[in-house]
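Here you go, one structure.
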Amino acid sequence: MKQQFIKDVFSNPNNAEILARWDAFALPDSWLVAGCLFQTVWNRISNQEPAFGIKDYDIFYYDPDDLSAASEQANQERVSKLFKDLNITLEVCNQARVHLWYESYFGHSYPQLASAKDGIDRFLIPSTCVGMNPQEIYVPNGFEILYQGVLAMNPLTPHRLLFEQKAQSYQRRWPWLSLEDDPAMSGSTTI
């Protein structure tokens with residue numbers, strides 16, 4: 001399944017170009033993550049254009065030595081300039097500083113992370129926990145639930161309302177995705 005995943009990811013020309021230019025932005029512990037990967041897979045399964053409906057391309061990195069918003073913004077601007085010719089939106093996020101703003105933005109506390117992979121682990125839905133860079137693919141929950149389209153709440157981020165909103169949004173675009181509700185998670189809203 002790994003080879004199929006690579007083939008699917010690279011079928012989206014934006015993903016292919018971002019990964020081809022990876023070394024040009026030289027961010028520490030950096031990964032192309034989330035929607036641009038799993039949505040490309042779901043588009044391929046659905047016989048859609050690979051880039052259909054992908055609103056942005058997320059790049060996580062981990063720099064615990066500079067937690068300033070100014071540094072993260074400078075990296076955002078630098079990466080955006082590098083890919084200006086693609087006419088896509090890129091979102092660059094230092095996972096070392098997410099705990100500083102997450103609660104004010106999403107209304108839930110968030111632990112301090114030790115790596116960019118820790119951030120990938122905490123996506124709301126386990127089947128969407130995917131990351132890739134030119135050297136490695138990180139799929140902590142396996143390829144099967146991604147390709148099966150299983151939508152379940154992540155026990156690391158058991159935020160019921162956020163999960164339901166995200167799952168509904170995905171099901172509107174890919175109706176074949178299956179919702180797997182965990183009764184043990186009912187009512188849980190914090191870590």
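Each reported figure results from applying straightforward, stated rules to the coordinates on display, with no laboratory input. None of these values were measured; they are calculated from a predicted model. For neighbour counting, all protein chains shown are included, and Cβ atoms are generated from backbone atoms with ideal geometry for every residue, glycine included.
If I model a spin label as a point 7 Å beyond the Cα along the Cα-Cβ vector, how far apart are those points for residue 115 and residue 46 in nm?
Each label point lies 7 Å from its Cα, and together they span 3.2 nm.
Separate question: May I ask for the distance between the Cα centers of the range 33-74 and the range 88-121, given as a whole number of Å?
First find each Cα centre; the distance between them is then 13 Å.
If you don't mind, there's one more thing I want to ask. Arranged by the count of other C-beta atoms within 10 angstrom, fewest first, what order do 129, 93 take?
93, 129
Here is a follow-up. Taking 0.36 nm per residue of separation and subtracting the Cα-Cα distance, what length does fully extending residue 21 through residue 162 add?
The residue 21-residue 162 span can extend by a further 47.4 nm.
Indicate, rounded to the nearest 5 percent, the antiparallel portion of the DSSP beta bridges found entirely in the chain.
So the antiparallel bridges in the chain amount to around 55 percent.
With a cap of 14 neighbouring Cβ atoms within 10 Å, and only residues DSSP puts in a loop, list the trypsin sites (Lys or Arg not before Pro) found in the range 30-87.
In loop regions of the range 30-87 (DSSP not H, G, I, E or B), the sparsely surrounded trypsin sites (Lys or Arg not before Pro) are 55.
Could you name the lysines whose alpha carbon sits less than 16 Å from that of residue 55, not counting residues in the same chain fewer than 8 places away?
Here the lysines satisfying the reach criterion relative to residue 55 are 84, 166.
Projecting each Cα onto the charge dipole of the range 2-185 (Lys/Arg +1, Asp/Glu -1 at the beta carbon, about the Cα centre), which of 126, 156, 87 comes out farthest on the positive side?
Of the listed residues, the answer is 87.
Okay, moving on. Pick out which of 135, 112, 165 has the largest mean-square fluctuation in a Gaussian network model of the chain, springs linking Cα atoms closer than 10 Å.
For the chain, modelled as a Gaussian network with Cα springs under 10 Å, the answer is 135.
When Lys and Arg each count +1 and Asp and Glu each count -1, what net charge do the other residues less than 13 Å away from residue 141, Cβ to Cβ, add up to?
My count for the surroundings of residue 141 gives -1.
Under 15 Å from a label point 7 Å along Cα→Cβ of residue 178: give me every residue in the range 146-169 with its amide N that close.
146-153
Please give the length that would be gained between residue 67 and residue 89 if that part of the chain were fully extended, namely 0.36 nm times their separation in residues minus their C-alpha to C-alpha distance (nm, one decimal).
Taking residue 67 through residue 89 to full extension adds about 5.6 nm, to one decimal.
In deg cm²/dmol and to the nearest 500, what is the mean residue ellipticity at 222 nm of the chain if only DSSP H runs of at least 4 residues count, each as -39500 (n - 2.57), divided by the residue total?
The helix-only estimate for the chain comes to -12000 deg cm²/dmol at 222 nm.
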